[in-house]
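A.B. asks: Below are the structure tokens for one structure; questions will follow.
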Amino acid sequence: AVSTNNKNVLINNRLIDKEKIVVIPNAVNKQTFAPGNRSDARKRLGLPQDQVIGIYNGSFTYEKGSLRVNEASKDIKGLSMIYLGGGKQAPDGPNVLFKGRVAHNEVSTWLKAADFFVLPSLEEGCCNAVIEAMSTGLPVITSDKPFNYDILDHDSALLVNPLETKDIHDAMEKLTESNELRIVYGNAALIKSQKLDINTRAEYVLDFLNGIRQRKD
């Protein structure tokens, strides 16, 4: 299972015995998703150098929270936003620098151009977009929900009620106003992400499968 939350759902619904399941969170390619030069990324993308930029990466849906982020960000002075994704609930407004889909191999450049990441999802298994942001060294605002607890905690992210626009706003405002806070949470997220490497995850999966095969033999 990609999260303890998923594991517990499966066990509690008697879909699998607890002895037959292991939690191995999702992970990313650390060569692709790594800290980079923000100024260079902004030059490449044609983004302003003198603004705090938040980034959202997910479908434009109620479940992911695109409009909640859009509403929360509108009156935060000095904040501009990037929205990567697509869907019916597209954000809009004068602080939106970019919205739309980009190729996955370009996502890392957009993340490197941003100052913080926000995604108030209502449901996830284990969110790759969050892990990508963490691995880039971005401070993360995301949901205070069990599906995130294997990869984040209150020391490494600003965890909020994903349905409360005010909670999202307050967290975004804190990071907009404080470069020091962005550094603290960005470094904490980066450290927390170190174990979320795709090669390490592959080894864990192979070890688990080999263990099953050995027990059968």
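The values are calculated or read from the model by the stated rules, or taken from the named source; none is laboratory data. If you're wondering where the values come from, they're calculated on a predicted model, not measured in any experiment. Please note: Cβ atoms are built from the backbone with ideal geometry, for glycine as well, and neighbour counts cover all protein chains shown. With ligands, DNA and RNA removed, areas are computed over all heavy atoms of the protein, side chains included. Shrake-Rupley method; radii C 1.70, N 1.55, O 1.52, S 1.80 Å.
A.B. asks: Could you say which residue among TYR62, TYR83, TYR56 is more than 10 Å from the chain's Cα centre (by Cα), in a strand (DSSP E or B) and of a type in the set (Phe, Trp, Tyr)?
C.D. replies: Matching residue, one of TYR62, TYR83, TYR56: TYR83.
A.B. asks: Please go through the range 23-51 and pick out each residue that is more than 30 Å from LEU97 (Cα to Cα) and in contact with an Asp or Glu (Cβ under 9 Å, 6 or more places away or on another chain).
C.D. replies: VAL23, PRO25
A.B. asks: Hey, among ASP197, ASP167, ASP207, which residue is under 24 Å from ALA27 (Cβ atoms), of a type in the set (Asp, Glu) and surrounded by 14 or more Cβ atoms within 10 Å (Cβ to Cβ)?
C.D. replies: ASP197
A.B. asks: Sort out which residues of the range 31-53 are charged (D, E, K, R) and either under 23 Å from PRO91 (Cα atoms) or under 15 Å from the mean Cα position of the chain (by Cα) (or both), and write them in order of number.
C.D. replies: ARG42, ASP50
A.B. asks: Could you grab me the full set of residues in the range 134-151 that are small (Gly, Ala, Ser), farther than 12 Å from LEU196 by Cβ and open to solvent by less than 10 Å² (accessible area, probe 1.4 Å)?
C.D. replies: Answer for the range 134-151, where residues must be small (Gly, Ala, Ser), farther than 12 Å from LEU196 by Cβ and open to solvent by less than 10 Å² (accessible area, probe 1.4 Å): just SER143.
A.B. asks: Across the range 1-48, what is the number of residues that are among the basic types (Lys, Arg), farther than 19 Å from TRP110 by Cα and in a helix (DSSP H, G or I)?
C.D. replies: 3
A.B. asks: Pick out the one residue from VAL107, VAL102, VAL160, VAL130 that is open to solvent by 20 Å² or more (accessible area, probe 1.4 Å) and β-branched (Val, Ile, Thr). Before the answer, list the steps.
C.D. replies: Details: VAL107 fails: open to solvent by 20 Å² or more (accessible area, probe 1.4 Å); VAL160 fails: open to solvent by 20 Å² or more (accessible area, probe 1.4 Å); VAL130 fails: open to solvent by 20 Å² or more (accessible area, probe 1.4 Å).
None of the other options fit; the residue is VAL102.
A.B. asks: How many residues are under 21 Å from PRO146 (Cα atoms), in contact with a strand residue (DSSP E or B) (Cβ under 8 Å, 6 or more places away or on another chain), assigned to a helix (DSSP H, G or I) and of a type in the set (A, V, I, L, M) when one looks only at the range 162-217?
C.D. replies: Residues meeting the conditions: 3.
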